[in-house]
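What follows is calculated from the coordinates using simple rules that are stated; it is not laboratory data. Just so you know, these numbers come straight off a predicted model, no measurement behind them. When we count neighbours, we look across all protein chains shown, and the Cβ atoms used for this are built from the backbone with ideal geometry, even at glycine.
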Amino acid sequence: MKYAFFPGCVLHAAAKEALSSTLAVAEKLGMELVEIPGWSCCGASHVQDVDPEAALVANARNLALAENMGLPVVTACSTCALMLRQARATLLAGAMGRANARLAEIGLRFTGASEVVHFLWLLADASEQWTRKVERPLDHLRVAPFYGCHTVRPPEIMGYESHLNPQSLERIIRACGATPVAIPERLRCCGFHAVFPAEHTAMRMTASAVTSAARAGADCLLTPCPLCHMQLDMYQPDALSAACGETPVPVLHLVQLVGQALGLTAKTMGLGRHIVDARPVLKAAAGSCG
Amino acid sequence: MDTLTFLIDRFDGTDSWRQRYEIPYKPGMTVLACLIHIKERLDPTLNFTASCRSAICGACAVRVNGHALLACDTMVDNLLRIWGEGALGVSPLGNARVVSDLVVAWEEKVERLRLARPGLDAKPEFSAQKGCRQAPADMQAIARQWDCILCGSCASECNKLTDSEKDFLEPFIFTHAARYAGDSRSAVPMRHVEAMLEHGLWKCVHCMECVTKCPKHIRPGEDIAAMRHMAVEAGHTDGPGPRHAEAFRTDLGATGRLNEVKLVPRTEGLVSAATKHLPFTLRMFAKGKLGVVEAARLFMADNPPVENIDGLRKVLAAERSPS
């Protein structure tokens, strides 16, 4: 299957390891991801606060570029997925005319032809197939799934699975041979989008997820959202410092867990780029991590 | 299945405990029907509030397995499909003071609601003689917000409120402010926005719980965004919240992509970026999250512009509000 790939800003910046892992996992599974030429920032759930029309028209342009490729859109960032799907719903609900009046000036047109999906959903849907390709079953790895708000909410826009009790991450964890570990923060916020205006709140949210994972005996946290990953990993030392020295917990991108099971190398997956090193727990779980 | 099992959080004013109840399963029962069955047949001491049984009074909101819902408007069969046939946990709304069992206090929430300055101060062209009419389209702009039934579901799992209610308000309060701020008849729309600026308008964490849990499909998160926009348009551009959002807009128009290196100084200022955030930056360099040369290039210059940046700038410029 071929997709128009919307990486989002963070996969080309602080989460380059998620980009290389996504592309390598896709290749392993026979998916072709073609980056949308000229894609722009989705607005990151911030631009609408200062210029809602700019956020809408930028995503109308992103979607129109994908439609020109004749392909459905896939993204590996939950906030990008929400922004693109929200914009698509708004456009189809009546804003298409005014957006297309603008896009016509640059030779583009949004029609709604390209659906937008999260890479998580593709992995979950195909888990029964790719579990047979697992080269390194992660039998001893205990993984605490952390969905991230925008992966499941609001359900009218995201809607892949129940927002009250999603199971896609658990399904993927089991397909990798690992064991899911439930924590109370499984569906809660990491704090990322308010890390500046509500810094203390964001740090307490991060500390709470990490602390729960440690206390539940999880070897690592797992998230399908690179922004949650940034918050839970990059800000973890600050968050734990504020929480008086709890145990650090490595945080894996979803694509790294799957990549590890499928036999990708640590270099390909950028495992050396984490603030809290994930390599020791992966090594303990499955022997060598490449 | 023959039996439904409920584990209900009890509170008698002093002690808290979780009590198990089993009732005969019948297809098509609402959560409220189950609670009434328990109270009438098994345990008259169980306290909960309910009235209309039609999802319009807002009295019967509770949490099932940690998620707020209207008991009268929720079919048990749907919950069993989501969570399987095990016991369902019923608890009082979150982020609320519990009075007894499933009953929560509203006095303090109503007092906080006053902070939104609810009430319409009409434009001078309106009068008792002329009336205070508005065009259907203007009414539709705030019709959704007027559907609020004050059930408290939006606040129950609000992640920001769970962390602290000292610098934030229940999402429905922002919705109430927005319905007056967005009313075409109002003489003082910014009165409500400025009141919300004082009480955490920029501290929403975008968790989308309020949007998800409202049984009337109101979107408090969007009301917060709309009032932020009104605030910025009115010149309230200082503070990390507006500066952070503006940084994203600036990058969108400049190159099409976020410049992560400039984000912190743009949001908090150069001094903060160079001092408070120094350990964070060094950590990023040490782990290769960010290269030193790359950081210098991004700070001194910018990302290369996306393909057809002129086209992007053209459509964005056309959408920019005059300033």
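Tell me, yes or no, whether the stretch A:74-88 has at least one residue that is at the interface with chain B (Cβ under 10 Å from one of its Cβ atoms) and either over 17 Å from the mean Cα position of the chain (by Cα) or surrounded by fewer than 24 Cβ atoms within 10 Å (Cβ to Cβ) (or both).
No - not one qualifying residue is present in the stretch A:74-88.
Checking A:E246 against (1) in contact with a Ser or Thr (Cβ under 8 Å, 6 or more places away or on another chain); (2) surrounded by 24 or more Cβ atoms within 10 Å (Cβ to Cβ), which single condition isn't satisfied?
(2)
State yes or no: is B:V211 surrounded by fewer than 24 Cβ atoms within 10 Å (Cβ to Cβ), of a type in the set (V, I, T) and under 22 Å from B:S164 (Cα atoms)? Show your work before the answer.
Numbers: surrounded by fewer than 24 Cβ atoms within 10 Å (Cβ to Cβ): yes; of a type in the set (V, I, T): yes; under 22 Å from B:S164 (Cα atoms): yes.
Yes.
Mind checking which residues of the stretch B:120-161 are β-branched (V, I, T) and closer than 25 Å to B:A50 by Cα?
Restricting attention to the stretch B:120-161, the residues satisfying the condition of being β-branched (V, I, T) are B:142, B:149.
Passing the criteria: only B:I149.
Being farther than 24 Å from A:M230 by Cα and charged (D, E, K, R): is that true of A:E32 here? Before you say what the answer is, go through the steps one by one.
Details: farther than 24 Å from A:M230 by Cα: yes; charged (D, E, K, R): yes.
Answer is yes for this residue.
Checking the structure you have, find out if any residue of the stretch B:135-154 is within 14 Å of another protein chain (Cβ to nearest Cβ) and over 24 Å from B:R191 (Cβ atoms).
Going residue by residue through the stretch B:135-154, those that are within 14 Å of another protein chain (Cβ to nearest Cβ) are B:137, B:140-141, B:144, B:153-154.
Cutting the leftovers down to over 24 Å from B:R191 (Cβ atoms) gives us B:153.
There is at least one residue in the stretch B:135-154 that is within 14 Å of another protein chain (Cβ to nearest Cβ) and over 24 Å from B:R191 (Cβ atoms).
Restricting attention to the stretch B:72-105, which residues are part of a loop (DSSP other than H, G, I, E, B), surrounded by 16 or more Cβ atoms within 10 Å (Cβ to Cβ) and of a type outside the set (A, V, I, L, M, F, W, C)?
Once the filter is applied, which keeps residues that are part of a loop (DSSP other than H, G, I, E, B), surrounded by 16 or more Cβ atoms within 10 Å (Cβ to Cβ) and of a type outside the set (A, V, I, L, M, F, W, C), the stretch B:72-105 yields B:T74, B:P92, B:G94, B:N95, B:D101.
Could you check the stretch B:201-238 and list, in sequence order, the residues that are farther than 21 Å from B:I142 by Cβ, over 13 Å from the mean Cα position of the chain (by Cα) and either facing chain A (nearest Cβ under 7 Å) or acidic (D, E) (or both)?
B:D238
Select from the stretch B:205-225 the residues that are among the aliphatic types (A, V, I, L, M), in a helix (DSSP H, G or I) and touching a Gly at 6+ places or on another chain (Cβ under 7 Å) and list them in ascending order.
Of everything in the stretch B:205-225, just one residue is among the aliphatic types (A, V, I, L, M), in a helix (DSSP H, G or I) and touching a Gly at 6+ places or on another chain (Cβ under 7 Å), namely B:V211.
Consider B:P265 carefully, then state whether it is more than 8 Å from chain A (Cβ to nearest Cβ) and touching a Gly at 6+ places or on another chain (Cβ under 8 Å).
Working: more than 8 Å from chain A (Cβ to nearest Cβ): yes; touching a Gly at 6+ places or on another chain (Cβ under 8 Å): no.
The answer is no for B:P265.
Being under 19 Å from A:G8 (Cα atoms) and either exposed (fewer than 13 other Cβ atoms within 10 Å of the Cβ) or within 29 Å of the chain's Cα centre (by Cα) (or both) narrows it down to one of B:L282, B:L270, B:L258, B:L278, so name that one.
The conditions single out B:L258.
Residues that are touching a strand residue (DSSP E or B) at 6+ places or on another chain (Cβ under 6 Å) and in contact (Cβ under 8 Å) with a residue 40 or more places away in the chain: list the strands (runs of 3 or more DSSP E) wholly contained in the stretch A:1-115 that include at least 2 such residues.
Working: elements: A:2-6, A:32-35, A:73-75.
It comes to A:2-6, A:73-75.
What tally of residues in the stretch B:288-305 results from selecting those that are crowded, with 17+ Cβ neighbours inside 10 Å and not in a helix (DSSP H, G or I)?
3
Does the stretch B:66-89 hold any residues that are within 20 Å of B:H217 (Cα to Cα) and out of contact with any helix residue (DSSP H, G or I) (no Cβ under 6 Å at 6 or more places or on another chain), and which are they?
Passing the criteria: B:G66, B:H67, B:L69, B:L70, B:D73, B:M75, B:N78, B:L79.
Mind listing whichever residues of the stretch A:25-45 are in contact with a Lys or Arg (Cβ under 8 Å, 6 or more places away or on another chain) and within 7 Å of chain B (Cβ to nearest Cβ)?
A:S40, A:C41
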